[in-house]
Structures are given as structure tokens and as C-alpha cells.
Amino acid sequence: MPKTNFHRAERSPELRTIVSLPEEVARIRDLAEAWIIRNIGKKGLFTYSINPYTGEKSEQNNELRQLMSSRTLANMSVANLSLRPVHRRNLSFIMNTWYREEGGIGYIEYDGKSKLGANAMLLRTLAASPHFEQFQSKASAAAEGILALQNADGSFRPWLKEPNYSFDAKYLLTFYSGEALVALLEYYIRTGLTRYFDEAVRSAEFYLEEYVRNIADNYYPAYVPWHTIAYRHLYELTKADKFAEAVFTLNDKLLELQDRSYRIGRFFNPATPQYGLPHASSDGVYTEGLAYAFEMAQRTGDEVRAGRYLDAIMLSLKNIASLQYREKLDESSLPFYAYRGAIRTNA
């Protein structure tokens, strides 16, 4: 990423420090990673969110949110050997508590349900793990669990074990379908097993039609980053222009969501409240997708798009940096380390 500068405000907006973009990204990352590691419990579970004033923890924690952090920890532990015991403790909890296997199908069961998104995050975690060889049979079963939810036309179903309440499958798949595609492709990249590449391509063809070519009818921003990551992998593997074009179509549309007038950089447009309320976790994944779109624009020589995406990334990172706890809160009863590096859900 080019060295681009921006102003960072700490507590006082009058005190502005000029830093380079890579330096600021590294600072956000290092502080956030340190918070994640400090907040892993004895059982190996992560703290999802905490009130920095009272210490109260959110009741909105679930297996999918845990597994997203598990995948991050797996990736971190590849280079950081000191994290491997923590990663193994986390994996042990997942496999002993939530993992099930029946007839060669591996899946996560939580509260009596098994969702495609959670199974995808399990496979991503195992594929990224430095201990992959020890869990290879479980990873294979998890990959088969994802394919068990694939329809003949390449589309997915959201549940392996459905809940006892009504649900909107189309809405759930705006999240889960891309997560499943990414998981299959990362598993293929790790193993070289072409069956999973072929099945990922089959599903990608369905969702190219559903989410890209018919974007006017089916658009929902949640699917943009996950499908961006999937199509980026497919472009790297096939060099087919249609995957680069899909990345551009999706991310050009996403930019309409970014706030450039009030809370600059966040992904929320009051003109489209149906796309959800502003949330830092959404900002994070949208920014990740845009980073891949920026990379794609550079590789294909599209300097106009590259500049547009980089501008959006910079604005988002400014916003995320402003949401990160970097100074002690006078009103907090907690020790500073309990929330230092954590990111507020919104301003």
C-alpha cells in the first residue's frame, strides 16, 4: 500500500499528529491484537465485547463471533510461536464443545443449531492453523459439511440444523454464502484438492449471477466483502477477468454507503437505513474488502479505481482509529489494560 499520510486526533482534536498510513494501520492492529490476547479466558474463549466503564460483558456473543476470532488467532500464531498454546487451547474448546461429526460430515452445533457461516469459519480456522496436519481429518469433514449445504445450482442453504423459529434464508445467505466460498477456496489453497476448487467455482457462478449481474435487484452490502475476497482468490487462481470485474462492481456500489459528511469514514448512509445501523465490525470487514479491491485495481492497471478505493480506505481507517481506546478513561472503574486497544462499536 502506498505511503499516504493523514492526521490522527487523540483525545483533543486540536492536537494533530501526522502519521503515515502503514504506521497507523500497524498501530491499530497491534493494539487490537494485544487486547484480543489479553481477553482470552481460561477455557480458550474470547471476550466479544465489554463495557469499559462497568466491565459488563455483552450477551450477544455466539459461536460465529467466537470463530471469527479463532481464525484471527490461528493466523497470528503462524508467525508468533508464543501464541500457539493459546491457539491450541482455543481449538481444544471448539472441538470438544461445539464440534460434531456424523457420517463424514463435520459441523459446529451451538444451542441446538448448526449454521453455514459457523462451519465456514471453522474450516477457515483449521486451514489457517499451524497445526493443520493434526486436524486434517476434521478439516476434511468440515469441508464436506459445507458441501452438504450446497444445492445443485451452486447456491447454499443457511442451516445444517435449522432453528425452531422462522428465519429469512435470503438475508442469512448474504453473509454465509461468501464466507462458505472463502472457506472452500482457502481449504483448496492449503490442500490442493481440486474437488473443493471446482465446487467453489460452481457456487461462484451462481452468486455472480445473483449478486453481481443482478445487483440492482439483490444488493445488500453485507455480501460485498466476503464475495470480494472469494473473487480475489478466484482471480489469482484463474486470471479470469470476470472475477476482477465482479470485485469492481461490488465495491463501486459499496462506496455509496460510506459516510462523507457527518461521521466521516463509517459505512452508514441514512438514506438507506435498511442496510443496518453503523457498527465498527461492519466498518472493519468493509475496509478489508476494499483493500482487496484496491489491490485488484492496481494489478489490472485501473488507477482511477485504485485511487478511489484508497481514499475510502483512508477515511475508514481514520474513523476506526478514532473509535479505538488509546487513553485511560477517567470515569472507568476498570484497569486500563482491560480495554486498551479495544474498538467501540460506534461513535
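No value in this document is a laboratory result; all are computed from the given coordinates. Bear in mind the structure is a predicted one, so any value in this text is a computation, not a measurement. Note that we place each Cβ from the backbone using ideal geometry, even for glycine, and neighbour counts take in every protein chain shown.
Here are the numbers:
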read-out: In Hz, Karplus ³J(HN,Hα) per residue of the stretch 260-266 (6.51, -1.76, 1.60; θ = phi - 60°; x = Gly, Pro); value: 10, 10, 10, 9, 4, x, 6
read-out: Filtered chymotrypsin sites (Phe, Trp or Tyr not before Pro), the stretch 231-340: DSSP coil and at most 12 other beta carbons within 10 Å; value: 262
read-out: Simple spin-label estimate for residue 51 and residue 245 in nanometres, 7 Å along Cα-Cβ; value: 5.3 nm
read-out: Built amide H within the under 5 Å cut-off of residue 266, gap 5+; value: 259
read-out: Whole-percent pair-distance distribution, where bins are 10 Å wide, for the alpha carbons of the stretch 209-260; value: 26, 55, 17, 2
read-out: Cβ-derived FRET efficiency at R0 22 Å, residue 147 paired with residue 237, nearest 0.05; value: 0.75
read-out: Exposure rule at most 15 other beta-carbon atoms within 10 Å, DSSP loop GluC sites (Glu not before Pro): the chain longest free segment; value: 60-326
read-out: FRET efficiency, residue 334 to residue 23 (Cβ-Cβ, R0 30 Å, nearest 0.05); value: 0.60
read-out: Label-reachable residues, the stretch 28-54, where backbone N falls under 19 Å from a point 7 Å from residue 263's Cα toward its Cβ; value: 49-53
read-out: The stretch 227-288 versus the stretch 46-65: alpha-carbon centroid distance in Å; value: 26 Å
read-out: Cβ-derived FRET efficiency at R0 51 Å, residue 194 paired with residue 345, nearest 0.05; value: 0.80
read-out: Longest to shortest principal axis, alpha-carbon extents of the chain, angstrom; value: 61, 48, 41
read-out: Label-point separation, residue 311 to residue 137 (7 Å along Cα→Cβ), nm; value: 5.6 nm
read-out: Length gained when the stretch residue 111-residue 255 is fully extended (0.36 nm per residue, less Cα-Cα span); value: 48.2 nm
read-out: When each of 115/138; 42/138; 113/138; 138/170; 57/328 is checked by Cα-Cα distance, pairs over 22 Å; value: 42/138; 138/170
read-out: Difference of contour (0.36 nm per residue) and Cα-Cα distance, residue 277 to residue 43; value: 81.0 nm
read-out: Structure-based [θ]222 nm, the chain - -39500 (n - 2.57) summed over DSSP H runs of at least 4, per residue, nearest 500; value: -17500 deg cm²/dmol
